[in-house]
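Remarks on the structure that follows.
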Amino acid sequence: MRHQQQFNIFFKTLLKNLSLIALLSVFLIQYLFLYHIIIDENNNWFTAVFCLALCLLIGLAYAYFFLRKLTFILIGFTNIFGLMGAALLTSFLNLEMGLGAVVSSAGLGSLVSFIPNKSSKYIDINNLKLAVYCGSFIGMDSNTLSQDYSFIALASFISGLYFCFSSNWLNGFGGKLGTLAFTGVAYALFINFLTT
């Protein structure tokens, strides 16, 4: 019994540390993206320092909201499959059916909203709906980034992992699902760049 309690404490600590590392990597992605946008406009040291200060403030806000809620909740990994399926389905509707990115994403989001909110022991329907909507954002990018379904699957898998670890990040703030989708796509582009 004592070994089981020690294992549970170790596992919860490990998951919380992984969640903090995931949060910091999202911060790094946002910093690099913002820095790239600003440095393209002005190529001076003031811009770089301003961008770094702005991103540090964003990082402090993330850390504050993360540490304020010390309980760690791991969303079920079944949501990864919902997110991946939504990304691939949105890509299919966008590319093969010619519905367009916005109509494909909005149609899938609207369709999923009609699912009753009856959660079971293993699946939380509300979180599954959020995962599907997040995945539809990745599928929207299939025209501009890559029309390869394996790329969409990789990006959505990475976003799905972040979705599972981000249950207590910035709840009540807008843009969380788009940020998670952007993070998965950014990492998938980086992996694609390294492998080609």
Legend entry - Cα-projected label distance for SER25 with SER150, points at 7 Å along beta-carbon direction, nm: 2.1
Inset, instruction - Would you check the accessible area of VAL102, probe 1.4 Å, heavy atoms only, in square angstrom rounded to 10? - result: 100
Legend entry - Area accessible to solvent at TYR149, 1.4 Å probe radius, in Å²: 80
Legend entry - Distance between modelled label sites at ASN17 and PHE193, nm, 7 Å Cα→Cβ extension: 2.9
Inset, instruction - Would you check the accessible area of THR144, probe 1.4 Å, heavy atoms only, in square angstrom rounded to 10? - result: 110
Legend entry - FRET efficiency, 1/(1 + (r/R0)^6) with R0 30 Å, evaluated for ALA61 and PHE114 via beta carbons: 0.30
Inset, instruction - Would you mind computing, in nm to one decimal, how far apart the modelled labels at PHE50 and LYS121 are, each placed 7 Å from Cα along Cα→Cβ? - result: 5.8
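The values are calculated or read from the model by the stated rules, or taken from the named source; none is laboratory data. Values in this document were obtained by computation on a predicted structure and should not be read as measured data. Cβ coordinates were reconstructed from backbone atoms using ideal geometry, including for glycine residues, and neighbour counts include every protein chain displayed. Areas reflect the complete protein model, heavy atoms only, side chains present, ligands, DNA and RNA absent. Shrake-Rupley method; radii C 1.70, N 1.55, O 1.52, S 1.80 Å.
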